[in-house]
Amino acid sequence: MENEYRIKLRWLIIVATVIRCIFASFMELGNDEVYYFTYAQQLDWNHFDHPPMVGLVIRFFTLNLHWVNEFSMRLGAIALSAFNTWLIARIACQLMSPRAGLIAAILYTASLYSSIISGLFILPDSVANTFWLASLWSMLCIVNAEDNRTKNNQLLLLGLWIGLACLSKVHAISLWVGFFAYVLIFDRRFFGLKNFYFSMLITGICILPILVWNYQHEFITWKFHGERVNILDSGFRWDFFAQAFFGQLFYNNPFLVYLYVVILVLLFKNRLKIYGLSPKSILLLLCCSLPIIALTMGLSLFRQTLPHWSGAGFFALMLISAFWIDRRVELNSIPKIRKILNLQLSFTLVVMLLAVLAIKWYPGNLFAVANAEELGKGDVTLDMFGWQDLMEEFAQVRSADIEQGEMRAEDVLLVDNWYPAGHYYFYIARPLGIRTIAIGKLTDIHKFAWLNLTEPPIQQHENAYYIAPSNTFRDPVALYADLFEEIRLHKTLEQRRGNRVIRHWYIYQLKGAKQVLGDLKPQQYPN
């Protein structure tokens, strides 16, 4: 029987991975994904908004940037997602049974956040989630260990896993908050173990590069994220709360969230008891899940938050649910449980199929402004559509300009915001060999302030291109009138989908720079 569940787990991982590979090859990169390509292009100990790990993973799976395309960019996320599915299954199997392991793997695969958002698209979460799950495994081993040797060894591993998770995404420090809360409330004997403190020291050593980099750059990252979560000058925003609530509901699969709530209610009614499982395990998992979910929801009452901020907090709920469902199977509920799990997987697959169909073939704009000046505004599908076509059309325009003597091959592509600068950098500047210079506020251009240092700045009297999409239009005259002698609209390109125009690309020529541009250090940019 155990072998049967292992075979099913293997097929679940294989089928899910193949599906992700197909989708990865079929869709253009999203705005976050192309932005994180800059992390791989210019490696550093830390970056403006996130630690370095996602850039290293992209470097590894693109063969040191010698094999760069949509599939290779996402291959790291896909490979880690397959490993994470096995890992969460292994945790549940070790604590309960192979059947519980299979159920946990199904719940992980059925979550849009873990299976698609971080399991297909390459994000800091894609890497952080692996170390998050490894941290949960070590914590569970620690609280259930009967011998001190296992407990001490796992404590050291815990420090390493949380440290590596923080090098992927700093919010992973909440794992220490959860574990410390468990120790403080339920088992203070850990405070007497020297490896408990060595473990925290290991985490500190891991995140030392982040601290040193921020010290060298006047703590830019902390200031940026601190402003995002600062609630002192904010009033109640029920619209932000609604966005966070329904966003988390959707990202984590509403059917799964409903299942978690039902199981938690039954669990508390049963005084946190699941037959065959130590109550310590349940308490620990709750400490590593509910606080980060509650914190995200609490912040959303004052500031705009993103639904995936709390995504990893749901992993512990997956494990608890897998344990509970496994016990219910013992009560002869197999047909009903099987239908529930199939529903979860079907929801995620259907959502992904509908998303791909909308991105590739929806005739017109989806929930977007229809007027010509802001055509496509609000259409989220445009983030992953039309960039390759833009490159080909822009290449023709640029070639004609060079032949006619209007522009030179050395003229730069000027950008003012990380989005859509990431797309321009990946789909236009990189394949066409155009240098990219960002001029704007540091809070707008982010990593591009550092990339400027790798390129020759714009010299006085040089020219530049500026591309303004209608869905996120910004007028270069308003931005750069004081920096160039002349700014004029040169071409208007149409982007079509389903034989309908869904976006305009306004190609501007900026003639005669009045001064040297793009030679500032990151600290010199205005905030």
Going through the stretch 74-103 in order, the residues found to be more than 21 Å from G276 (Cβ to Cβ) and either of a type in the set (D, E) or part of a loop (DSSP other than H, G, I, E, B) (or both) are none
The lone condition L133 fails out of (1) over 24 Å from the mean Cα position of the chain (by Cα); (2) surrounded by 21 or more Cβ atoms within 10 Å (Cβ to Cβ) is (1)
Restricting to the stretch 434-469, count the residues that are within 20 Å of K511 (Cα to Cα) and part of a loop (DSSP other than H, G, I, E, B).
12
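Looking at F131, is it of a type outside the set (D, E) and part of a loop (DSSP other than H, G, I, E, B)? Spell out how you get there, then give the answer.
Numbers: of a type outside the set (D, E): yes; part of a loop (DSSP other than H, G, I, E, B): no.
Taking the combined requirement at face value, the residue does not satisfy it.
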Can you tell me which condition E494 does not meet? The list is (1) out of contact with any Lys or Arg (no Cβ under 7 Å at 6 or more places or on another chain); (2) of a type outside the set (A, V, I, L, M); (3) open to solvent by less than 70 Å² (accessible area, probe 1.4 Å); (4) assigned to a strand (DSSP E or B), and all the others hold.
(3)
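Please determine whether any residue of the stretch 352-362 is over 27 Å from the mean Cα position of the chain (by Cα) and either in contact (Cβ under 8 Å) with a residue 12 or more places away in the chain or surrounded by fewer than 18 Cβ atoms within 10 Å (Cβ to Cβ) (or both). Spell out the reasoning first.
Narrowing the stretch 352-362 to residues over 27 Å from the mean Cα position of the chain (by Cα): none.
No, every residue in the stretch 352-362 fails to be over 27 Å from the mean Cα position of the chain (by Cα) and either in contact (Cβ under 8 Å) with a residue 12 or more places away in the chain or surrounded by fewer than 18 Cβ atoms within 10 Å (Cβ to Cβ) (or both).
Within the group I122, I162, I106, which residue is more than 21 Å from I263 (Cβ to Cβ), open to solvent by less than 30 Å² (accessible area, probe 1.4 Å), assigned to a helix (DSSP H, G or I) and not hydroxyl-bearing (S, T, Y)? Break it down stepwise before answering.
Values: I122 fails: assigned to a helix (DSSP H, G or I); I106 fails: more than 21 Å from I263 (Cβ to Cβ).
Step by step, each of I122, I162, I106 is checked, and only I162 is more than 21 Å from I263 (Cβ to Cβ), open to solvent by less than 30 Å² (accessible area, probe 1.4 Å), assigned to a helix (DSSP H, G or I) and not hydroxyl-bearing (S, T, Y).
Within the stretch 224-238, is there a residue that is modelled with pLDDT under 90, β-branched (V, I, T) and part of a helix (DSSP H, G or I)? Step through it out loud before you land on a result.
Keep residues of the stretch 224-238 that are modelled with pLDDT under 90, which gives 224-238.
Now narrow it down to the ones that are β-branched (V, I, T): 229, 231.
Going one step further and asking which of them are part of a helix (DSSP H, G or I), we end up with 229.
Yes - at least one qualifying residue is present in the stretch 224-238.
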Of all residues in the stretch 182-198 being in contact (Cβ under 8 Å) with a residue 60 or more places away in the chain and open to solvent by less than 30 Å² (accessible area, probe 1.4 Å), the one that is farthest from W45 (Cα to Cα):
D187
Would you mind finding the one in Y182, Y197, Y215 that is out of contact with any Lys or Arg (no Cβ under 6 Å at 6 or more places or on another chain), under 17 Å from N152 (Cβ atoms) and of a type in the set (F, W, Y)?
Y197
Considering every residue within the stretch 35-46, establish whether at least one is touching a Ser or Thr at 6+ places or on another chain (Cβ under 9 Å), outside any helix (DSSP H, G or I) and hydrophobic (A, V, I, L, M, F, W, C).
no
Among residues of the stretch 509-527, those that are part of a strand (DSSP E or B) and open to solvent by less than 20 Å² (accessible area, probe 1.4 Å), counted
5
Condition set within 18 Å of L453 (Cα to Cα) and of a type in the set (A, V, I, L, M, F, W, C), scope the stretch 11-58, selection most open to solvent (accessible area, probe 1.4 Å): answer is W45
Given the structure, is V356 part of a helix (DSSP H, G or I), touching a Leu at 6+ places or on another chain (Cβ under 8 Å) and aliphatic (A, V, I, L, M)?
no
I142, sole failed condition from (1) closer than 28 Å to R74 by Cα; (2) β-branched (V, I, T); (3) crowded, with 20+ Cβ neighbours inside 10 Å
(1)
For the structure I just gave you, tell me whether A400 is part of a helix (DSSP H, G or I) and surrounded by fewer than 21 Cβ atoms within 10 Å (Cβ to Cβ).
yes
Given the condition crowded, with 24+ Cβ neighbours inside 10 Å and more than 30 Å from F196 (Cβ to Cβ), answer yes or no: does some residue in the stretch 83-93 qualify?
yes
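Please verify whether T443 is hydroxyl-bearing (S, T, Y) and touching a Leu at 6+ places or on another chain (Cβ under 6 Å), treating the condition exactly as stated. Walk me through how you get there before you give the answer.
Values: hydroxyl-bearing (S, T, Y): yes; touching a Leu at 6+ places or on another chain (Cβ under 6 Å): no.
For T443, the condition - hydroxyl-bearing (S, T, Y) and touching a Leu at 6+ places or on another chain (Cβ under 6 Å) - is not met.
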What are the pairs with Cβ atoms under 7 angstrom where one residue, in the stretch 10-32, is closer than 16 Å to S114 by Cβ and the other, located anywhere, is open to solvent by 60 Å² or more (accessible area, probe 1.4 Å) and at pLDDT 95 or above? Sequence gap at least six, or different chains.
I13/W86
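The values are calculated or read from the model by the stated rules, or taken from the named source; none is laboratory data. Keep in mind that this is a model prediction, so the values were computed, not measured. Neighbour counts run over all protein chains shown; Cβ positions are idealised from the backbone, glycine included. The accessibility values were calculated without ligands, DNA or RNA, using every heavy atom of the protein model including side chains. Shrake-Rupley method; radii C 1.70, N 1.55, O 1.52, S 1.80 Å.
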